[in-house]
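Trainee: Input: one structure, supplied below.
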Number of protein chains: 2
Amino acid sequence: MKAVTIRDGRLLFEEHPDPAPGSGEVLVRVWAAGINGADMHQRAGRYPAPPGSPQDIPGLELAGEVVERGPGAERFRDGDRVMGIVGGGGQAELAVVNERILMTIPDEIGWPPAGGFPETFTTAHDALFTQAGLHPGEHLLVHGGAGGVGTAAIQLGVTAGARVTATVRNPELRGAVGALGAEVIAPEGFAEHGPFDVILELVGAVNLADNIAALNTQGRIAVIGIGAGATGELNLGLLMSKRGRIHGSMLRARPLEEKALTARAIERSVLPLLASGALKVLVAETYPLSQAKIAYDRFAAGGKLGKIVLTG
Amino acid sequence: MKAVTIRDGRLLFEEHPDPAPGSGEVLVRVWAAGINGADMHQRAGRYPAPPGSPQDIPGLELAGEVVERGPGAERFRDGDRVMGIVGGGGQAELAVVNERILMTIPDEIGWPPAGGFPETFTTAHDALFTQAGLHPGEHLLVHGGAGGVGTAAIQLGVTAGARVTATVRNPELRGAVGALGAEVIAPEGFAEHGPFDVILELVGAVNLADNIAALNTQGRIAVIGIGAGATGELNLGLLMSKRGRIHGSMLRARPLEEKALTARAIERSVLPLLASGALKVLVAETYPLSQAKIAYDRFAAGGKLGKIVLTG
C-alpha cells in the first residue's frame with residue numbers, strides 16, 4: 001500500500017508493506033482521512049505517535065470500507081462503511097484498526113465528511129458534555145469557532161439547547177460561523193459578552209485570565225487546544241469565588257478502552273443528529289492522499305472554514 | 001444577648017438585641033463556635049459577611065441547643081443539640097439559623113468538638129468527594145495538613161481507603177498529624193512524593209506549578225485555601241497531557257439550598273464515622289466568647305494542631 005509518510009520533517013507518499021489485522025482488528029481500505037492540528041505537530045517532530053501506532057504514517061482519523069477481519073473481530077462484515085479515531089496511520093490506503101473504536105457511517109454521509117467527522121466531533125463532544133457537563137439553557141463560549149473542533153462544538157452546543165457565542169479571528173469567516181447558530185464575536189474584549197457557563201478553549205493560554213473573569217458561578221473551562229501558547233497566569237482566588245473548574249484534556253493518549261467508550265457515546269448521542277442533517281461536517285477542501293504536502297500547507301495557512309480531508 | 005463584635009477592625013464582646021427566628025428558622029443557644037480563617041479576613045475588613053447574615057458578628061459555625069422555633073420549623077424540638085454552618089453570627093450567645101442547614105450532634109460528641117466540626121469537615125468532604133471525586137486506593141495529597149480542614153481531610157481520606165500524604169510546615173506538629181494516618185512530609189520537594197490522584201490545596205498558588213507536575217493522569221486539584229498567595233503560573237499543556245482538572249470552591253457564598261444539601265451529605269457520610277470515633281475533631285484550645293480577641297490572636301499566630309473553639 002501507499003501512505004503519507006513523515007521522514008526527517010518531510011512529507012512523502014511512499015510504498016509500505018500492507019498491514020495485517022490482528023486479534024479483534026479489522027483492515028480498512030481508507031477512502032477519506034481528515035487532517036488535524038496534531039498532524040502539524042507530528043510533522044514538526046513535536047508530537048510522536050503513541051506506542052502501537054505507525055511512527056512514520058500520520059493521520060488520527062479515517063473513514064473507509066472493511067476489507068478483512070482478524071481473529072475474533074465480529075462487529076463488522078466486509079464492505080461495511082466505518083469511521084473512527086486512530087493513534088496514527090490513518091492517512092494511508094490501508095489501516096488496521098481495533099473494531100471497538102470504529103463507528104458505522106450513516107448512509108446519508110459521504111466519504112469526505114465521514115473522514116473529517118471522528119476527531120473533531122468526538123473531541124468537542126467529550127469536552128462539552130463528558131467533561132464540562134454542558135446543560136440546556138447554559139451560555140457556551142467557543143474560542144476559535146471557525147476550525148474543525150470549533151464548528152463541531154458550536155453545532156453540538158446549539159443542538160443541546162445551549163446559547164452559543166464563538167470567537168473568530170478572521171472577519172471573512174464570521175458570517176459562515178454565525179450561520180451555524182452562534183453569536184460570533186472578535187477575540188478582543190470577548191469577556192464583555194459573558195458570563196459564560198462553559199468555555200471551550202481551542203486557542204491557548206492567552207485567554208486564561210479573561211476566561212476566569214468571564215466565568216459564571218460554577219462555570220467550567222475545557223482546554224483542548226493551546227496553539228497560541230501554553231502558559232498563563234491563573235488567579236486561584238477568582239476561581240474559588242466563581243466556584244469554577246478548569247479541565248485539560250486530549251484524546252490521543254487515552255487507552256483503547258476509553259477510546260471505545262467515547263465511540264459508544266458518539267454513536268448514541270451524535271450519529272443520529274448527523275444522519276438527520278442537524279449536524280454537518282464542514283469540509284473546506286479535499287486533496288488526494290498523494291497531495292498531502294499541499295493539503296498540510298493549506299491547513300497550516302489557516303483561514304479556512306471546517307476540515308481539510310485527504311481522499312483515497 | 002452578648003456577641004463577639006467587629007467594629008473598625010477591633011474585636012469586642014458587646015450587647016446586641018436578641019434575634020428572633022423567622023419562618024423555617026430556629027433560635028439556638030450557642031455553646032461552642034469554632035474560629036476559621038475567614039474570621040481573620042473579616043476582622044481585617046477583607047471578607048464582608050454575605051447578605052442576610054449579621055454584618056458585625058463573626059462566626060461561620062456553631063453548636064448549641066434549640067431554644068425557640070419560628071413558624072414552620074419542624075425538624076427539631078426545644079433542647080435538641082444541633083450544629084451547622086452559618087453565613088455569619090455564630091460567635092454569639094444566641095443565633096438564628098435556618099433549620100435545613102442544621103445537623104443533629106451525635107450523643108457521643110461534646111460541645112467544643114461539635115462547635116469546631118461543621119466548617120472544617122464540610123469543607124474537606126465537599127472538596128474531596130463532591131468535587132474531586134476521591135476513590136478508595138487513590139493517592140491524596142493534603143497541603144497544610146495540620147490545620148482544621150487539613151486534619152479533617154486526612155481523616156476523611158484515610159477512612160475512605162485512600163493513601164494520604166500531607167505537607168506540614170511546622171516540624172513539631174508532624175508527629176501528631178502522622179498519627180492521623182498520613183505520611184507527613186515537608187512542603188519543600190513535595191512533588192517527589194507523587195504522583196497524586198487528588199491534591200487538596202489549603203496553602204496557595206505557590207504550589208500550583210508543582211501540583212500540576214506531580215498530578216497523576218486524570219488527577220484533580222481542589223483549591224480551597226490561598227492564604228500564601230492567590231496567583232500563579234499555570235501550564236495548560238501539562239494539564240492537558242495529564243488530563244487533569246482544577247476546582248476552585250468556597251462554602252460561604254453558596255445559597256441556602258446548596259448548604260442544606262451539603263448538610264444532608266455530611267449527615268449521611270460523615271456523622272456515623274464521627275459518632276463511632278473513627279473521625280475526631282481535633283480541638284487545640286478553647287476560650288470563652290468574651291475572650292475572642294485572645295483566641296483570634298492565637299489562631300492568627302498559627303502552629304497549632306486542629307481547631308480553636310469559643311465556648312458560650
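Trainee: Among residues other than B:R254 whose Cβ falls under 13 Å from its Cβ, what is the net charge (Lys/Arg +1, Asp/Glu -1)?
Mentor: Summing Lys/Arg as +1 and Asp/Glu as -1 gives +1.
Trainee: What is the Cα centroid distance between segment A:1-63 and segment B:168-247, reported in whole angstrom?
Mentor: 39
Trainee: Could I ask something else about it? Quick one: work out Rg over Rh on the C-alpha atoms of segment B:25-148, Rh as Kirkwood radius.
Mentor: Expressed as Rg/Rh, it is 1.01.
Trainee: Return an integer: the convex hull volume of the alpha-carbon atoms of segment B:120-248, in Å³ per residue.
Mentor: Expressed per residue, the convex hull around the Cα atoms of segment B:120-248 is 87 Å³.
Trainee: When ranked by the protection proxy of mean other Cβ atoms within 10 Å per residue, highest first, what sequence do the peptides A:202-209, B:252-259, A:151-158, B:279-286 form?
Mentor: A:151-158, A:202-209, B:279-286, B:252-259
Trainee: Roughly what angle does helix A:148-159 make with the longest principal axis of chain A, taking Cα atoms, 0 to 90 degrees, to the nearest 10?
Mentor: 60
Trainee: Just need the relative contact order of segment B:120-248 here, percent rounded to a whole number, with Cα pairs under 8 Å and 6+ apart.
Mentor: Relative CO of segment B:120-248 lands at 23 percent.
Trainee: While we're on this one: Loop-only GluC sites (Glu not before Pro) in segment A:85-137, please: DSSP not H, G, I, E or B, and at most 15 other Cβ atoms within 10 Å.
Mentor: Those that pass, being in a loop and sparsely packed, are A:E108.
Trainee: Under Stokes-Einstein, with the Kirkwood radius over Cα pairs standing in for Rh, what whole-number D in µm²/s applies to chain A at 25 °C and 0.890 mPa s?
Mentor: The calculation lands on 125 µm²/s.
Trainee: About the Cα centre of the protein assembly as shown, how large is the charge dipole given +1 on each Lys and Arg Cβ and -1 on each Asp and Glu Cβ? Please answer in debye to the nearest 20.
Mentor: So the dipole magnitude of the protein assembly as shown works out to roughly 280 debye.
Trainee: Further question: Quote the charge dipole size of chain A about the Cα centre in Debye, to the nearest 20; the model charges only the Cβ of Lys and Arg (+1) and of Asp and Glu (-1).
Mentor: Its charge dipole is roughly 400 debye.
Trainee: Please compute the average number of Cβ atoms from other chains found within 10 Å of each residue's Cβ in peptide B:245-258.
Mentor: Mean number of neighbouring Cβ atoms from other chains: 5.
Trainee: Within a Cβ distance under 12 Å of A:L180, other residues only, what is the Lys/Arg minus Asp/Glu net charge?
Mentor: Charge balance in the 12 Å sphere: +1.
Trainee: Dividing the convex hull volume of the Cα atoms of segment B:16-87 by its residue count, what figure in Å³ per residue is obtained?
Mentor: In segment B:16-87, the Cα hull volume divided by residue count equals 91 Å³.
Trainee: A further question on this structure: Sum up the charges of everything whose Cβ sits under 11 Å from the Cβ of B:P21, counting Lys and Arg as +1 and Asp and Glu as -1, but leave B:P21 out.
Mentor: Result for the local shell: -3.
Trainee: Let me ask something else about it. For segment A:182-312, what is the largest minus smallest coordinate of the Cα atoms on each principal axis, given in angstrom and ordered from greatest to least?
Mentor: 52, 34, 31
Trainee: Antiparallel versus total DSSP beta bridges in the protein assembly as shown: what percent is that, nearest 5?
Mentor: Here the share of antiparallel DSSP bridges comes out near 55 percent.
Trainee: Through the Karplus equation 6.51 cos²θ - 1.76 cosθ + 1.60, θ set to phi - 60°, convert the phi angles of segment A:64-69 into ³J(HN,Hα) values in whole Hz; use x for Gly and Pro.
Mentor: Per residue, the Karplus-derived 3J(HN,Hα) values read x, 10, 5, 10, 6, 10 Hz.
Trainee: Using alpha-carbon pairs under 8 Å, 6+ residues apart, how would you state the relative contact order of chain B in percent?
Mentor: About 19 percent, as a whole number.
Trainee: What per residue convex hull volume, in Å³, comes out for the protein assembly as shown when only alpha-carbon positions are used?
Mentor: Cα convex hull per residue, to the nearest whole number: 161 Å³.
Trainee: Also, I was wondering about something else. Which ³J(HN,Hα) values in Hz, rounded to whole numbers, follow from the phi angles of segment A:234-249 under the Karplus curve 6.51 cos²θ - 1.76 cosθ + 1.60, where θ = phi - 60° and Gly and Pro get x?
Mentor: The phi angles translate into 10, 8, 5, x, 5, 4, 5, 5, 7, 6, x, 9, 10, 9, x, 7 Hz.
Computed from the coordinates by the stated procedures, all read-outs in this text should not be read as laboratory data. A quick note: this is a predicted structure, and the numbers were derived from the prediction, not measured. Virtual Cβ from ideal backbone geometry, glycine too; neighbours counted across all protein chains shown.
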